[in-house]
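Some notes on the structure that comes next.
The values are calculated or read from the model by the stated rules, or taken from the named source; none is laboratory data. Every value quoted in this text rests on a predicted model; they were computed, and no experiment measured them. Every residue, glycine among them, receives a Cβ derived from its backbone with ideal geometry; neighbour counts consider all protein chains shown. Ligands, DNA and RNA are stripped out before the accessible areas are found, and what is left, the full protein with its side chains, is counted by its heavy atoms. Shrake-Rupley method; radii C 1.70, N 1.55, O 1.52, S 1.80 Å.
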Amino acid sequence: MAQFSVNAQRFDPYKNFKFRIKWDGHYVAGVSKVGGLKRTTEVIKHREGGDPSSSRKSPGRTEFEAITIERGVTHDTDFEAWAAKVWDFGSGLGAEASLKDFRKDIILEVYNEAGQKVLAYNIHRCWVSEYQALPDLDANANAVAIAHIKLENEGWERDTSVTEPTEPSLTPANG
């Protein structure tokens with residue numbers, strides 16, 4: 001049975017390598033990895049006094065795990081500027097944090113192989129809890145220098161206005 005309503009011939013799930021992050025109305029350059037969206041709800045166990053042999057379970061507090069975003073080191077200062085809103089070394093005593101605008105809502109978009117947006121998630125009230133400007137540097141390595149930020153958040157939700165697109169069909173060239 002097909003899992004896709006518009007593209008009934010498609011049986012493969014979406015791949016995890018085409019995505020973009022957007023904040024402050026623009027796409028963030030060079031993002032190569034985004035940590036998973038994970039939500040955990042605590043379990044509250046309780047039992048009634050008349051039934052000591054078994055317990056009941058109900059949902060408790062829900063936590064949203066931090067999301068890590070990685071990208072190659074460039075001259076773009078988006079990561080650094082946002083991290084500086086939580087703590088800025090050069091701002092002076094008592095003015096290290098900018099509590100007015102240190103939180104951002106961000107959008108995570110996922111694309112299919114044809115480059116069509118197929119999923120989007122709105123991630124709410126994010127702020128930078130960890131910033132790594134440079135990785136360990138190694139003259140013997142053959143790798144890209146990666147910077148990362150860790151974003152605390154207060155929840156996320158799927159953008160249901162993004163629906164399954166009609167996937168294009170490639171036609172072979174004639175002659």
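If I take every Cα pair under 8 Å that is 6 or more residues apart in the chain, average their sequence separation and divide by the length, what percent do I get for the relative contact order?
Values: 305 pairs, mean separation 41.3, N = 175.
Result for the chain is 24 percent.
Students often get this wrong, so check it: of K15/K150; K33/K150; K117/K150; K18/K104, which have C-alpha atoms separated by over 21 Å? Distance filter (> 21 Å) returns K15/K150; K117/K150; K18/K104.
Comparing G49, W23, P59 along the charge dipole axis of region 17-71, the residue lying farthest to the positive side is W23, per the Cβ-charge model.
In whole percent, and with a 1.4 Å probe on the protein chains, what portion of the accessible area of the chain is carbon and sulfur? The nonpolar share, carbon plus sulfur, comes to 51 percent. Relative to the Cα centre, the charge distribution of region 36-149, modelled as +1 at Lys and Arg Cβ and -1 at Asp and Glu Cβ, gives a dipole magnitude of about 720 debye.
Spin-label model, Y14 to S161: label points 7 Å out along the Cα-to-beta-carbon direction sit 1.6 nm apart. Please name whichever of G115, F102, L137 sits farthest to the positive end of the charge dipole of region 100-175, dipole taken about the Cα centre and charges placed at Cβ: Lys and Arg +1, Asp and Glu -1. With unit charges placed on the Cβ atoms, the residue in question is F102. Report which label in (i) 116, 35, 30; (ii) 80, 58, 38; (iii) 56, 33, 26 holds the value of Cα extents along the principal axes in Å derived from the coordinates of this structure. Only one option fits the structure, namely (ii).
With a cut-off of 16 Å on the backbone N, no residue of region 145-160 is near the modelled label site 7 Å out from L99 along Cα-Cβ. Stretched out straight at 0.36 nm per residue, the stretch from A29 to N142 would grow longer than its current Cα-Cα span by 38.5 nm. Applying 1/(1 + (r/R0)^6) with R0 = 45 Å to the Cβ-Cβ distance of Q132 and S58 gives a FRET efficiency near 0.70. Taking 7 Å steps out from each Cα toward its Cβ at R39 and R125 produces label points 1.4 nm apart.
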